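The values are calculated or read from the model by the stated rules, or taken from the named source; none is laboratory data. Note that the coordinates shown come from a computational prediction; the quantities given were computed from them, not determined experimentally. Note that each Cβ is placed from the backbone with ideal geometry, even for glycine, and that neighbours are counted across all protein chains shown.
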Amino acid sequence: MESRSTRLKHYGRAFHSRSRIREKDRTGAVLEDFKKTLSFPTATCSLQDLARKGADLADEQVVLYGYLGTRRDASKSLTFAELHDAGLKYTIQLVSTPVKGVDGSDSPHQKLRALETHTPVAIDGTVISRKAPKASDASEGSRNIITSVEIKVENLIPLNAFPKDIIMLQDTVFPPEQRHLQLRNDQGLRDTLDFRSKAARLVRDELCGKQDFIEIETPLLFKSTPEGAREFLVPTREPGLAYALPQSPQQYKQILMASGIPRYMQIAKCFRDEDLRADRQPEFTQIDMEMAFASGEDVMGTIETVIRRLWADCLAIDDLPEDFSRMTYQEAMSKYGSDKPDLRFGAELRRIEYMLPVDLIHKIGPLSDPAVEVMKFSGFNEPQATRKFVSAFMDSPEAQPFVQNPDGQPGIFVYDVRAPLQGLQVFGFEAAEQLEEMLDLDNGGLVVIQARKNVPFAGGSTPIGKLRLAMQKFAEKEEYLPRRTGFNFTWITDFPLFSPFDDAEPGQGGSAGISSTHHPFTAPKTPEDVDLLLTDPLAVKADHYDLVVNGVELGGGSRRIHNAQMQELIMREVLKMSDERMKDFAHLLEVLRAGCPPHAGIALGFDRLIAVMLGKESVRDVIAFPKSGKGEDLLVKSPTKMTEEQMKTYHLKLRD
Ligand code: ASP
């Protein structure tokens, strides 16, 4: 008699050989299934053709591709199913009945009934005229439903069965880890990519087709130079050597200007290893361009043409102004507290410290000699509702950065004819009267004041500038004010050429305590600015222009320093870069030295441009595979840990 353990051993062996057979069967089935998909028939007609020609194609034999949609088994021998085209834009009805002589699981009828929705298939069938259902059935979301004909299924080849464990309903939203499913399920997202592609085509057509630019690809394996942003390094197998990914094609495009290319453009990938919180991506796309024998005026004019073309052809908006408005950096900062002001609403800032009683200045905050600015929001005509808005705003998370401003909280006053001194009694009689007149308060309004250090403007915004936007946004969200609409473009010009060094940015590594506001290749604006370079560099204005729309900086550019000696002087004498850092730019100086013509250029952020055109909140909504706030691609799961092997190859070692 077999012992228990021998019996178990036999069972075990039998089990193993059975599972080996099953494994073999499965492998065989995988191979056979795949073979069938290798030679799937060529489509003879698209769903778009069927939508267009409808009953004219009745009785034709067609082969169609697409994805199966919902199915209804009306009876054992009658099934209806939807077929969506490859672009998921059109839907046609499939009708299936058993085909005589073909039985079992091989029968197209049974196959159709066994397949999951979303499975890609090739369908062989006959076009049948059909009585159109009610008009309301003719579209479903953004999909066009073909109603004049249907397809009688004669053969069906599943091309890759959709698995049961993925549940994809019409309104399922997938996480970034399943971006492919989100793309497949979200027509809006696919339309955005389509829009983006069309916009890129138009830009190329406008610049290269109409304005004699040539598109030139510049290298992605570049070198590390202190241009301004933090770079990504790409180590090589040569010990200690690395490329850097370009933060922009800036240096190559200037080299092209010295190389006899009069007009360059590129829709370029750029890489910056920077703070990702502010809706930035570590890799992003720019419409980059440069023009030789040209000034900033030429560049701005060209960009305006491109923008007008995009708005007209992609958005059917053809009333953008012939010339975009302009504002200097000083004006933008003093009127709006921002170098990218949203001009779709007023609330302009004015300085008022000169009219305020001293004791009020002390109450405003800890600064003894502050600049105090005031702004008025129109549209708040009902004091009671306005007070409600003010407390809701001040209690909101949006207001907290302003409440915690170390230079003092904002002062917010509701103009109210029934209140003492119309609600402005804190200001005292005289100042209240002056304010009423200055701000034209007769029709009511919300008055906000804020103190700041009385120093020249630097950087992109002041707290009151941010508050202006935050209050407007909150008031719109809570429906106190109507939503801002339209597009309001403006050029911001005359930026300071240098800014006080800011720890958050790598800058150029010079020892002068300043860094280039834009990049170290930007030219001073006027001869007077050139004169100030060595004596008062922070007072020098740059020939630098940013294009701003609706509070968003679309991009910026400048006239460049085209002369090697001048470029060297700025780097060595003004920024006080070390010899070592200067060496990083030796190539550029050598190129400029070779009779480089004057040139100017610009780059527009393409992702941001598309987001603005489509009114999307985030650039992630207009990028096929965006990175997360931590710079990860959650679908492919990058970045990944380097293996020992890779580290060895690149001569790298992790520090403890
Ligand atoms: N390279 C610059 C940037 O990326 C744009 C320019 O000056 O053309 O911001």
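Given the residues E322, E290, E283, which is the only one that is within 16 Å of the ligand (Cβ to nearest atom) and closer than 19 Å to D546 by Cα? Walk me through how you get there before you give the answer.
Values: E322 fails: within 16 Å of the ligand (Cβ to nearest atom); E283 fails: closer than 19 Å to D546 by Cα.
Just one listed residue meets the conditions, E290.
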Inset, instruction - Report the residue count in region 39-92 for those that are more than 19 Å from P108 (Cβ to Cβ), buried (at least 16 other Cβ atoms within 10 Å of the Cβ) and small (G, A, S). - result: 3
Legend entry - Scan of region 294-327 for residues that are crowded, with 16+ Cβ neighbours inside 10 Å, outside any helix (DSSP H, G or I) and of a type in the set (G, A, S), ordered by number: A294
Inset, instruction - Write out, first by first residue and then by second, each pair whose Cβ atoms fall under 6 Å of each other, whose residues are 6+ apart or on separate chains, and whose first residue, in region 72-84, is touching a residue at least 24 places away in the same chain (Cβ under 8 Å) while the second is surrounded by 13 or more Cβ atoms within 10 Å (Cβ to Cβ) and among the small types (G, A, S). - result: T79/S96; L83/G66; H84/G66; H84/G69
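Of everything in region 526-555 that's charged (D, E, K, R) and farther than 21 Å from F606 by Cβ, which residue is nearest to the ligand (Cβ to nearest atom)? Full working, then the answer.
Step one: filter region 526-555 for residues charged (D, E, K, R), giving 528-529, 531, 536, 541, 543, 546, 553.
If we keep only those that are farther than 21 Å from F606 by Cβ as well, we get 528-529, 531, 536, 541, 543.
Working: E528: 23, D529: 18, D531: 24, D536: 24, K541: 16, D543: 11 Å.
Restricting to residues being charged (D, E, K, R) and farther than 21 Å from F606 by Cβ, the top hit is D543.
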Inset, instruction - Read through the list (1) within 15 Å of the ligand (Cβ to nearest atom); (2) out of contact with any His (no Cβ under 8 Å at 6 or more places or on another chain), then give the number of the only condition that S558 fails. - result: (2)
Legend entry - Answer residue from region 293-302, given it is in contact with a strand residue (DSSP E or B) (Cβ under 8 Å, 6 or more places away or on another chain) and of a type outside the set (D, E, K, R) and is nearest to the ligand (Cβ to nearest atom) among those: V299
Inset, instruction - Filter region 93-116 down to the residues that are under 42 Å from the mean Cα position of the chain (by Cα) and within 11 Å of K152 (Cα to Cα), then identify the one that is surrounded by the most Cβ atoms within 10 Å (Cβ to Cβ). - result: L94
Legend entry - Some residue of region 264-274 being part of a strand (DSSP E or B), within 16 Å of the ligand (Cβ to nearest atom) and over 21 Å from the mean Cα position of the chain (by Cα): yes
Inset, instruction - Considering only region 481-513, state which residues are in contact (Cβ under 8 Å) with a residue 40 or more places away in the chain, over 19 Å from Y545 (Cα atoms), surrounded by fewer than 22 Cβ atoms within 10 Å (Cβ to Cβ) and more than 16 Å from the ligand (Cβ to nearest atom). - result: L481, P482, R484, T485, G486, P500, D502, A504, G509, S511, A512
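If you check A523, A594, which single one turns out to be within 16 Å of the ligand (Cβ to nearest atom) and hydrophobic (A, V, I, L, M, F, W, C)?
Numbers: A594 fails: within 16 Å of the ligand (Cβ to nearest atom).
The match here is A523.
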Legend entry - Count of residues meeting criterion [modelled with pLDDT under 95, more than 17 Å from D584 (Cβ to Cβ) and not polar (S, T, N, Q)] in region 513-533: 3
Legend entry - Residue ranges of helices (runs of 4 or more DSSP H) in region 568-656 with at least 1 members under 30 Å from V548 (Cβ atoms): 586-593, 606-614
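Residues are listed down the side, and each one gets a yes or a no for (1) touching a residue at least 12 places away in the same chain (Cβ under 8 Å); (2) at negative phi:
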position	(1), (2)
V234	yes, yes
A242	yes, yes
Q254	yes, yes
G260	no, no
A268	yes, yes
D275	yes, yes
D279	yes, no
E290	yes, yes
Legend entry - Members of region 305-342 that are within 14 Å of N488 (Cβ to Cβ), of a type in the set (D, E) and touching a residue at least 60 places away in the same chain (Cβ under 8 Å): D342
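Please list, ordered by residue number, the strands (runs of 3 or more DSSP E) wholly in region 405-497 having 1 or more residues that are under 26 Å from the mean Cα position of the chain (by Cα).
It comes to 489-493.
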Legend entry - Any hit, region 263-270, residues being surrounded by 21 or more Cβ atoms within 10 Å (Cβ to Cβ), touching a helix residue (DSSP H, G or I) at 6+ places or on another chain (Cβ under 6 Å) and more than 28 Å from G465 (Cβ to Cβ): yes
Inset, instruction - Six or more apart or on different chains, Cβ under 7 Å: which pairs go from a residue in region 117-135 that's closer than 18 Å to F40 by Cα to one that's hydroxyl-bearing (S, T, Y) and modelled with pLDDT of 95 or more? Could you list them? - result: H118/Y67; T119/Y67; P120/Y67; A122/Y65
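Kindly evaluate D191 against the criterion of being of a type outside the set (S, T, Y), exposed (fewer than 15 other Cβ atoms within 10 Å of the Cβ), touching a Ser or Thr at 6+ places or on another chain (Cβ under 8 Å) and in a helix (DSSP H, G or I).
Against the criterion (of a type outside the set (S, T, Y), exposed (fewer than 15 other Cβ atoms within 10 Å of the Cβ), touching a Ser or Thr at 6+ places or on another chain (Cβ under 8 Å) and in a helix (DSSP H, G or I)), D191 qualifies.
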Legend entry - Cβ pairs under 8 Å, 6+ apart, first in region 593-620 and under 16 Å from F293 (Cα atoms) and in contact (Cβ under 8 Å) with a residue 60 or more places away in the chain, second away from the ligand (no atom under 15 Å from the Cβ) and not in a loop (DSSP other than H, G, I, E, B): C596/A564
Legend entry - Filtered residue count, region 561-590, keeping only those that are within 16 Å of the ligand (Cβ to nearest atom), aliphatic (A, V, I, L, M) and touching a residue at least 60 places away in the same chain (Cβ under 8 Å): 1
Inset, instruction - Name the one entry in L634, L609, L575 that is crowded, with 16+ Cβ neighbours inside 10 Å, in contact with a helix residue (DSSP H, G or I) (Cβ under 7 Å, 6 or more places away or on another chain) and either among the aliphatic types (A, V, I, L, M) or at pLDDT 95 or above (or both). - result: L634
